[in-house]
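To keep things clear, I will list the structure first and then write my remarks on it.
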Amino acid sequence: MKRPLRTKLLIEVGHNEAIEMANEIIKNYEVQEIQPPRQGLTMIKLRESAKNSLFYIGEVLVTETKVKIGNSFGTGIVMEENNTLSKALAIIDAAYKEKLPETEKWFYVLKKLELKLQNEMEKVKCSIERTKVHFDTMKV
Amino acid sequence: MGYVAVTGGKEAIEASLQHLFYERVKHGKWLSVETIKGTMRGFIDHIMSESSLYSEDLAALAMKQSEGNVEEAVFLLRAHRSTLPRLYYSTITDPRDMFVHRRISASFKEIPGGQILGSSHDYLHRLLDFSLIEETEEDVWQKKLDFEAIEVPEGSSIPLEKLPKVMDYLRAEGLLNDFPVNDEEPDDVTKMSLTFPSSRSERLQILTRGQTGGIVSLGYAGLRGYGSSHPNVGEVRVGEQPIHIQLDGEEEEYYIGSIKLTEVESFIPANVSENGKEVLAFDIGYGACFGQNETKAIAMSILDHALENPEDTPIHDEEFVLLHVDTIESTGFISHLKLPHYVTFQSKLEQMRKIKEESGASVNE
């Protein structure tokens, strides 16, 4: 599973799973904290559609953590202040880069999360669709 | 002009601050930051947009600390922002990837995906709901459950996570003044002072973080006769916009979360040169801001177009617009007038007395 999808699943619907995965790694390996959780900003670069150019719409608060497992560095970044999730994401990132055996069985956890996110999004979509206007032409 | 340092207000200021803090608690009522975050969506969207800092948690805290004073809350957030390091820049974020919760067009009735009203105050009677005075936490839970129990259709049919743009209609007909993709790095007004003529990226950045009231007032003035950008709203879309970053030396992007975003594309008739001929096409006026701030985004689209087409009216004048719409700059300068100006005023007073004396003397002569 690609990292953008993996991080999306863990951030959107898998906080508990992320913490469990990270704890599993902490139990079995030495995790070196390179950058303890810290708050910072990410500037958002937006594509505007009038002239197809780019501009900065503003910054978003993020929490960033960096860890090292074996020879691999992992980064955890999440919006808002969330030290626990940020650190868990960093450990998971490093675990994947280090190709630790635990990551193989995580595939099934992530697949379940993917289904959960799809179901949640589908529910929201179905509800929003009720607000679609169905135009009728008035007979005079 | 010389400034004279004076002391003596320290104790009075301390007592004044005690009074200020007392104002927040004097009724013995308490509101958690979590409650503000869960119930004051409009306020939070408003100040996140003006402070140019997207954090619902910090916006809710700022609201609590400022007792609901928007000007103060924005000031607090801008100040806090300046203490934080900028760690990353996002990859190019395109609102075509927005998970749309609301999308309407005032230009076309039938649009791909349809007119999706989502949630909006637009369709309400603006009557006070006195039942809210007696509303309890139980009532709130019941209303939430009632909504969640509403039967929804099985299976969605509209691709809300990849909804086509209304402007694609005009593009397909060749009626859009089209521009090639431009990936030039934007300028950043938080890093470099604004100079004129400004760049497009600077203008859009200043407008999006501008004071809502200021942007709306100037946009309105533009429509009323102080400008010539009269738009049809092509599309207003509100939804969740995914944000990704690219870490140094790594191929794969990193998803960091999503933000609520409003985007507006306004259609404005323009003469365009095509094969040496002047033809009529549509320009786009662009507006986008954090949160659900539709009026601000529409007004921004008017000002964007006006500033792209300089004319001899204030709304088309970039110095007039861009130097006056920032919340901190405008409220800061106006409110500084409350600060002691004893020396300045005394000098004016002396001048007046002198002129009066001299004119009195000349009359007597």
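The values are calculated or read from the model by the stated rules, or taken from the named source; none is laboratory data. Everything numeric in this text was worked out from a predicted model, so none of it was measured. Every residue, glycine among them, receives a Cβ derived from its backbone with ideal geometry; neighbour counts consider all protein chains shown.
Hey, which of the helices (runs of 4 or more DSSP H) in segment B:273-365, taking only ones fully inside, have at least 3 residues that are among the acidic types (Asp, Glu)?
B:294-308, B:342-364
For residue B:75, which of the numbered conditions (1) closer than 22 Å to residue B:215 by Cα; (2) buried (at least 24 other Cβ atoms within 10 Å of the Cβ) fails to hold?
That leaves (2) as the condition not met.
Considering every residue within segment B:137-151, establish whether at least one is of a type outside the set (Phe, Trp, Tyr), surrounded by 14 or more Cβ atoms within 10 Å (Cβ to Cβ) and at the interface with another protein chain (Cβ under 8 Å from one of its Cβ atoms).
No, segment B:137-151 has no match at all.
Within segment B:106-127, count every residue that is buried (at least 17 other Cβ atoms within 10 Å of the Cβ) and under 21 Å from the mean Cα position of the chain (by Cα).
Here the count works out to 1.
What is the residue count in segment B:68-101 for residues that are under 19 Å from residue A:79 (Cα atoms), in contact with a helix residue (DSSP H, G or I) (Cβ under 6 Å, 6 or more places away or on another chain) and part of a helix (DSSP H, G or I)?
Count: 2.
Looking only at residues that are among the charged types (D, E, K, R) and within 32 Å of the chain's Cα centre (by Cα) in segment B:310-365, which one is nearest to residue B:210 (Cα to Cα)?
Once the filter is applied, the top-ranked residue is B:326.
Please specify each residue of segment B:88-114 satisfying the condition of being modelled with pLDDT of 95 or more, under 16 Å from residue B:236 (Cβ atoms) and polar (S, T, N, Q).
Selection gives B:105 alone.
Here's a check for you: in segment B:175-208, which residue that is modelled with pLDDT of 95 or more and of a type in the set (Gly, Ala, Ser) is nearest to residue A:55 (Cα to Cα)?
This residue is B:201.
Considering each residue of segment B:156-175, count those that are within 11 Å of another protein chain (Cβ to nearest Cβ), in a helix (DSSP H, G or I) and crowded, with 20+ Cβ neighbours inside 10 Å, and give that number.
2
Check residue B:4 against each of (1) modelled with pLDDT of 95 or more; (2) among the aliphatic types (A, V, I, L, M); (3) farther than 30 Å from residue B:296 by Cα and name the one condition it does not meet.
(1)
Quick grid of which residues meet (1) in a strand (DSSP E or B); (2) closer than 26 Å to residue B:94 by Cα; (3) of a type outside the set (Asp, Glu); (4) within 12 Å of chain B (Cβ to nearest Cβ):
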{"residue": "A:34", "(1), (2), (3), (4)": "yes, no, yes, no"}
{"residue": "A:38", "(1), (2), (3), (4)": "yes, no, yes, yes"}
{"residue": "A:41", "(1), (2), (3), (4)": "yes, yes, yes, yes"}
{"residue": "A:61", "(1), (2), (3), (4)": "yes, yes, yes, yes"}
{"residue": "A:64", "(1), (2), (3), (4)": "yes, yes, no, yes"}
{"residue": "A:90", "(1), (2), (3), (4)": "no, no, yes, yes"}
{"residue": "A:111", "(1), (2), (3), (4)": "no, no, yes, no"}
{"residue": "A:120", "(1), (2), (3), (4)": "no, yes, no, yes"}
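Residues in segment B:136-147: is at least one touching a helix residue (DSSP H, G or I) at 6+ places or on another chain (Cβ under 6 Å), outside the structural domain of residue B:167 (by TED's automatic domain parsing) and farther than 16 Å from residue B:38 by Cβ?
No - not one qualifying residue is present in segment B:136-147.
Going by what's in this entry, would residue B:194 be described as more than 9 Å from chain A (Cβ to nearest Cβ) and under 24 Å from residue B:103 (Cβ atoms)?
no
Exactly one condition in (1) more than 10 Å from chain A (Cβ to nearest Cβ); (2) part of a helix (DSSP H, G or I); (3) touching a Ser or Thr at 6+ places or on another chain (Cβ under 9 Å) is false for residue B:236; which is it?
Here residue B:236 meets the rest and fails (2).
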